[in-house]
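Below you'll find the structure, written out as structure tokens, and then a few comments.
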Amino acid sequence: MAEASTPASPIPEGTGYFASDSTLPFHAPDFTKISEDDYVPAFEQGMNIQRAEVQAIIDNPAAPTLENTIVALEKSGQMLGRVATVFFALTGSNTTDRLDDINTEISPKLTAHGDAISLNPELFARVKAVYDKRATMRMTAEDAKLLDETYEGMVHAGALLNDAQRERVKAINTELSSVTTEFGQRARNAMAEQPVFFDNRAELAGLSEADIKAAADLATEKGQPGKFAIALQNTTQQPLLPAMENRAAREKLFKASYHRADGTTAIDTRDLVAKIATLRAEKAALFGEPDWASYTMYDRMVESPQAALDFMGQMVPALAATQQREAGVLNEKIRAEGGNFDVQPWDWYRFANMVKAERYEVDDDEVMQYFQLDKVLEDGVFFMANKLYGLSFERRTDLPVYHPDVWVYTVRDADGSDLGIFYFDPFQRPSKRGGAWMSNFVDQSYLWDKKPAIYNVLNIPKAPAGEPQLVSFDWVNTTFHEFGHALHGFFADQKYPSLSGTATARDFVEYPSQVHEMWMTYPEVLQNYAKHYRTGETIPAELVEKIEAASKFNQGYDFGEVVEAALLDMKWHALSAEQAAAIDTPQEVSDYQARALSDLGLEVALVPPRYRTSYFNHIFSSPSGYSAGYYSYLWTQMLDHDSRNWFRQNGGLTRANGDHYRKTVLSRGGTMDYGEMYRNFAGRDPNVRYMLEALGLVAGEGAADGEASDGAVPAQTAE
Ligand SMILES: [Zn+2]
């Protein structure tokens, strides 16, 4: 034990750019001063410093307190945080081979570093000493939350286990890591090594010349010149199916996808599924939890597997009815086209696309002419933020950016004070990964007296020089979505960075961003930004209505396959250790899946899950991944549509509504119970019906009663 006067572990001093905060406004990263050579030494120094800081907490001779233990831990790792923030921003949006190599080298070290802290028994003893006297301490609600999260995070990692249990958990973690990696590889091989072969060109009738050429090339590459081969894609449905005219060929392609890795060919993942389910259930049992879902959902908004199952169960009657109704429509279309068969999954999208084109034909190029990027951002997104929250924005060019296509704005609050700084990085480029996301360069926190520096990254195709920068409907929607995340970050009002802004649960974080999508087509907003790039004419309301009507089409399938996958995920992870251990052969895995699916009450033969067990990468290809979490996509959508209903009922785009949402939700970060947060906003619990209405699964568009029902879904369906 260290003497108080002679600390055993002095805190080392960092060197280089990341050793101290940026001196630019808002602590904005100074990209002109950062070189790729800085990262590895900064990561190493950052980890060394944090190790020493943790040791100093342990060695502190004073009795453990909130300040000298919990807050001291929260304060540790500043340099590591600074380098990681910039580094991972750039590996996502503007990477290089060198950055990728550094990432490969540094990621396992960061994992080990984090584990060494959360599993440090001496540190945990101090954390627990504070936690155990929490009832007698005077704390703010945020202090209490930080204490809870720190304690529970360490417990979740295994801090309360005895030595034998901890050894077993480590062994399970190692085995899970290798078995799940093996699952991912086999599932990938089941696609890459098992394309579907066709003997003649007639079987591929309907495909484009380019697709047929690619199929011929792939067959040659696979040693069968003269034939045609189609590679399988990720999901159960396959993108080429709708174009294929030959029904037998469609069935062949679909069945190869559906039976992927399920024992019908040499590549089989079911033995791995049995192992993964067993190991996860055993690990949960070591933590005293009944099943893996209960273990892993400890920090979610939905607190138990049963609650997630009940939530999804509420959708089943309307969804099943919609699936049957849609199948009826498709059967009619098949007859009209001269077919004398009933629709099967391999026919579904071919005929659904035909019906959709007849009913809702929209010319995407025509729609894009109303969306110019700068107007979408400044007259659309920023206008919405001004109307709801009173914010104003000023473009600035004095701060360094990591790529010339990044735009920077100062964001000001309603009273004119600085709220933070916003980076907008809209364009697709080879150095950027796909998709769209938001994150922070600097987290808001009163602990460090910092305002947020936030970026949105998108992948909008860049127009050729000299042409207007037009944006597709979907990318406009994504621009509003990502800015919703940004607002969650800008309105953060926390002392502690680890509870600040978007630092919320997996099944909550997408909710505030989804809500902001509603303003994209809100008439007052639309009229302000959606102007034809040549004529200046506002987008016709009928065009927007058509697009919105089209979004309700085919949801029995599109939404149904996601619900089924989410239910299947939960069924696999609500098994007790005993139940999981009983599923110990590939056949048992198939049987359990069949039982689980037939229990759902949905039309699983017509609408199979988006992923079946044997290729469900989200839940089986990494130690934790999205396991017991696939429902999150549905849950946040439910919160979103319930909130849209609240806004509509209360007058829509008003400062009063914006301020209420900011006060109750957007400013709260991860500091309180999510159910309570939601009730503070809406005055009641969320209800699934508004999502079902929005998706066209039940009638009642525009239902105006704000009363909470019991969540029961009306039986009648639209049309
Ligand atoms: Zn999002």
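The values are calculated or read from the model by the stated rules, or taken from the named source; none is laboratory data. Please read all numbers here as calculations on a predicted model, not as lab measurements. All Cβ positions, even for glycine, are placed from backbone atoms using ideal geometry, and neighbour counts span all protein chains on display. Just the protein is used for accessible areas: all its heavy atoms, side chains included, with ligands, DNA and RNA removed. Shrake-Rupley method; radii C 1.70, N 1.55, O 1.52, S 1.80 Å.
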Please work out which residue is most open to solvent (accessible area, probe 1.4 Å), limiting yourself to region 455-471 and to residues that are more than 19 Å from residue 382 (Cα to Cα) and in contact (Cβ under 8 Å) with a residue 12 or more places away in the chain. 462
Limited to region 503-512, what total is found for residues that are surrounded by fewer than 24 Cβ atoms within 10 Å (Cβ to Cβ) and within 10 Å of the ligand (Cβ to nearest atom)? 2
If the Cβ limit is 9 Å and pairs must be 6+ apart or interchain, which residue in region 483-495 that is without any contact (Cβ under 8 Å) to a residue 24 or more places away in the chain and of a type in the set (Asp, Glu) pairs with which residue that is more than 15 Å from the ligand (Cβ to nearest atom) and open to solvent by 10 Å² or more (accessible area, probe 1.4 Å)? none
Which listed residue, of 381, 408, is over 30 Å from residue 557 (Cβ atoms), within 16 Å of the ligand (Cβ to nearest atom) and either open to solvent by less than 50 Å² (accessible area, probe 1.4 Å) or modelled with pLDDT under 95 (or both): 381
If we keep only residues of region 247-262 that are outside any helix (DSSP H, G or I) and open to solvent by 10 Å² or more (accessible area, probe 1.4 Å), then the residue farthest from residue 591 (Cα to Cα) is 259
Cross-chain or 6+ apart pairs with Cβ under 9 Å, region 156-176 first and on the phi < 0 side of the Ramachandran plot and surrounded by 15 or more Cβ atoms within 10 Å (Cβ to Cβ), then polar (S, T, N, Q) and not in a helix (DSSP H, G or I): 159/120; 176/622; 176/624
Taking the conditions exactly as written (open to solvent by less than 20 Å² (accessible area, probe 1.4 Å) and of a type in the set (D, E, K, R)), does residue 685 satisfy them or not? no
State whether the residues of region 187-197 include one that is farther than 21 Å from residue 615 by Cβ and either surrounded by 17 or more Cβ atoms within 10 Å (Cβ to Cβ) or not β-branched (Val, Ile, Thr) (or both). no
May I ask you to list pairs of residues, at least six apart or on different chains, whose Cβ atoms are under 6 Å apart, with the first in region 287-307 being small (Gly, Ala, Ser) and the second being open to solvent by 20 Å² or more (accessible area, probe 1.4 Å)? 293/574
From 63, 56, 52, grab the single residue that is outside any helix (DSSP H, G or I), closer than 30 Å to residue 133 by Cβ and out of contact with any helix residue (DSSP H, G or I) (no Cβ under 6 Å at 6 or more places or on another chain). 63
Of the numbered conditions (1) within 16 Å of the ligand (Cβ to nearest atom); (2) over 17 Å from residue 444 (Cα atoms); (3) open to solvent by less than 20 Å² (accessible area, probe 1.4 Å), residue 517 fails exactly one; give the number of that condition. (3)
Look through 533, 592 and report the one residue that is assigned to a loop (DSSP other than H, G, I, E, B) and open to solvent by 30 Å² or more (accessible area, probe 1.4 Å). 533
So for region 424-437 (the condition being polar (S, T, N, Q) and part of a loop (DSSP other than H, G, I, E, B)), does at least one residue qualify? yes
Test residue 414 against the stated conditions and say whether it is touching a residue at least 24 places away in the same chain (Cβ under 8 Å) and within 16 Å of the ligand (Cβ to nearest atom). no
When region 474-499 is examined, which residues are found to be hydroxyl-bearing (Ser, Thr, Tyr), away from the ligand (no atom under 12 Å from the Cβ) and open to solvent by 10 Å² or more (accessible area, probe 1.4 Å)? 498
Residue list for region 445-454, filter: open to solvent by 10 Å² or more (accessible area, probe 1.4 Å) and not hydrophobic (A, V, I, L, M, F, W, C): 446, 449, 450, 451
Log entry, pairs with first residue in region 365-391 being under 18 Å from residue 418 (Cα atoms), second being among the polar types (S, T, N, Q) and in a loop (DSSP other than H, G, I, E, B), beta carbons closer than 9 Å, six or more apart or on different chains, reads 387/654; 388/654
Members of region 177-194 found to be of a type in the set (Gly, Ala, Ser) and free of Cβ contacts under 8 Å to residues at least 40 places away in the same chain, listed by number: 178, 192
Just to be sure I understand, how many residues within region 329-362 are within 19 Å of residue 236 (Cα to Cα) and β-branched (Val, Ile, Thr)? 1
Confirm whether residue 578 is in contact with a helix residue (DSSP H, G or I) (Cβ under 7 Å, 6 or more places away or on another chain), open to solvent by 40 Å² or more (accessible area, probe 1.4 Å) and over 30 Å from residue 443 (Cα atoms). no
In region 228-245, how many residues are in a loop (DSSP other than H, G, I, E, B) and either more than 22 Å from residue 565 (Cβ to Cβ) or charged (D, E, K, R) (or both)? 2
Is one or more of the residues making up region 430-453 within 16 Å of the ligand (Cβ to nearest atom) and over 19 Å from the mean Cα position of the chain (by Cα)? no
Breaking point among (1) assigned to a loop (DSSP other than H, G, I, E, B); (2) at pLDDT below 95, for residue 618: (1)
Qualifying positions in region 615-671 - open to solvent by less than 40 Å² (accessible area, probe 1.4 Å) and in contact with a His (Cβ under 7 Å, 6 or more places away or on another chain): 625, 627, 628, 630, 666
Meets criteria (closer than 26 Å to residue 338 by Cβ, open to solvent by 40 Å² or more (accessible area, probe 1.4 Å), under 32 Å from the mean Cα position of the chain (by Cα) and acidic (Asp, Glu)) for residue 211: yes
